[in-house]
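S.K.: The structure under discussion is supplied below as structure tokens; questions concerning it will follow.
The values are calculated or read from the model by the stated rules, or taken from the named source; none is laboratory data. Just so it is clear, the model here is predicted, and its values are computed rather than measured. Cβ placement follows ideal geometry from the backbone for every residue including glycine, while neighbour counts extend to all protein chains displayed.
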Amino acid sequence: MPCLTNVTQTVCLNAEVRVRPQITVGEVRTFCRGEAFIGNCTGTLQPYCSFNVSQSICVEVPLTFEATAEARPNGIVCGTPGIGNCGEETSCTLSQGFFATHEDVTNALITAAGGSIVLGMLDNSNNPVGLSFIVNTTNADDVFNGNIPIPPLPATPPLQGQYRQLYQQLLAAKLNVQNGATCATATDAIQAADTFLATSPAGGTTGAPALSMALEAFNTGNIPGCPDHCPMTIIV
């Protein structure tokens, strides 16, 4: 089913208006002048008589300005194929391990999301807040391979490992949502993880493992009422 989007543009329309003379001859009547006589008319005979008559008029010209438009496609950005209908929000989930080993799928989803995915939050100048991190197609593999720079990754163990896992599971969860798999529980878990990263002080704080576990449960299809994990037969 096509998706309708309205767009607007203000334009200035120009038209040349030409007023052409148009005179309609009404009913012609003749009146006799004197009596008929024998002989020719006085003067030179002509095929017709002509004379000019002028009349000043006011011309009302109703004008209607409107425009037509056409849309031409420039191309298409392809996402990852899925099972089911577009209207369904029950697409299956993929684990962070899958995204780590299928760079083409990961990059396609990031591109479809606008070129980047924020783990955490941004300020009004689009800068990461707290220990938030911006993922794009050039550093997504670093997230899944645990090579996130310090900062935002805390330098002190065991917080370093806890935050590393949180970044991985949060990115996988957002990729699953981008791929059409979501549920209310997942939305709440993602929001909680974003808030945790945005409010984390420099060096990190406790609380990341519980968030990672909730996100992992979603990514592996282990939350009742949320999408199941994708069968291996459709993971290509």
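Residue-by-condition table, conditions (1) assigned to a helix (DSSP H, G or I); (2) touching a residue at least 40 places away in the same chain (Cβ under 8 Å):
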site: Leu170; (1), (2): yes, yes
site: Ala186; (1), (2): yes, yes
site: Thr195; (1), (2): yes, yes
site: Ala214; (1), (2): yes, no
site: Pro224; (1), (2): no, no
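S.K.: Give all pairs with beta carbons closer than 7 Å in which a residue from region 139-167 that is without any contact (Cβ under 8 Å) to a residue 24 or more places away in the chain meets a residue that is in a loop (DSSP other than H, G, I, E, B) and among the aliphatic types (A, V, I, L, M); count only pairs at least 6 apart in sequence or on separate chains.
M.R.: Cβ pairs passing all conditions: Asp142/Ile148; Arg164/Ile148; Arg164/Leu153.
S.K.: Considering only residues of region 92-115 that are among the polar types (S, T, N, Q), surrounded by 14 or more Cβ atoms within 10 Å (Cβ to Cβ) and out of contact with any Gly (no Cβ under 7 Å at 6 or more places or on another chain), which is nearest to Thr205 (Cα to Cα)?
M.R.: Among those residues, the one meeting the criterion is Gln96.
S.K.: Any residue in region 86-94 that is charged (D, E, K, R) and either at pLDDT 85 or above or not in a loop (DSSP other than H, G, I, E, B) (or both)?
M.R.: Scanning region 86-94 turns up no residue that is charged (D, E, K, R) and either at pLDDT 85 or above or not in a loop (DSSP other than H, G, I, E, B) (or both).
S.K.: Among the residues of region 31-45, is any basic (Lys, Arg) and within 30 Å of Glu60 (Cβ to Cβ)?
M.R.: The answer is no; no qualifying residue exists.
S.K.: Additional query: Across region 181-216, what is the number of residues that are crowded, with 18+ Cβ neighbours inside 10 Å, more than 20 Å from His102 (Cα to Cα) and not charged (D, E, K, R)?
M.R.: 15
S.K.: What pairs come out if I take residues in region 90-119 that are of a type in the set (Gly, Ala, Ser) and pair them with residues that are in a helix (DSSP H, G or I) whose C-beta lies under 7 Å away, six or more apart or interchain?
M.R.: So the pair list comes out as Ser95/Ala172; Ser95/Asn219; Ala100/Phe144; Ala112/Gln178; Ala113/Gln178; Ser116/Ile110.
S.K.: While we're on this one: Being out of contact with any Phe, Trp or Tyr (no Cβ under 9 Å at 6 or more places or on another chain), within 22 Å of Phe98 (Cβ to Cβ) and not in a helix (DSSP H, G or I) is the requirement here; does Asn124 meet it?
M.R.: Taking the combined requirement at face value, the residue does not satisfy it.
S.K.: Now for a separate question. With (1) over 21 Å from His102 (Cβ atoms); (2) part of a helix (DSSP H, G or I) as the list, and Pro151 as the residue in question, which single condition is left unmet?
M.R.: Condition not satisfied by Pro151: (2).
S.K.: Looking only at residues that are crowded, with 21+ Cβ neighbours inside 10 Å and more than 22 Å from the chain's Cα centre (by Cα) in region 133-145, which one is nearest to Gln191 (Cα to Cα)?
M.R.: Phe133
S.K.: Here are some residues: Thr156, Thr137. Which one is part of a loop (DSSP other than H, G, I, E, B), at pLDDT 95 or above, polar (S, T, N, Q) and farther than 19 Å from Glu216 by Cα?
M.R.: None of the other options fit; the residue is Thr137.
S.K.: Take the residues in region 226-236 that are under 24 Å from Glu103 (Cα atoms) and assigned to a loop (DSSP other than H, G, I, E, B), then tell me which one is farthest from the chain's Cα centre (by Cα).
M.R.: Step by step, filter region 226-236, then rank; the result is Pro231.
S.K.: Sticking with this one: Of everything in region 112-121 that's modelled with pLDDT of 95 or more and either among the hydroxyl-bearing types (Ser, Thr, Tyr) or not in a loop (DSSP other than H, G, I, E, B) (or both), which residue is farthest from Leu211 (Cα to Cα)?
M.R.: Ser116
S.K.: Leu131 - would you say it is in a loop (DSSP other than H, G, I, E, B) and at pLDDT 95 or above?
M.R.: yes
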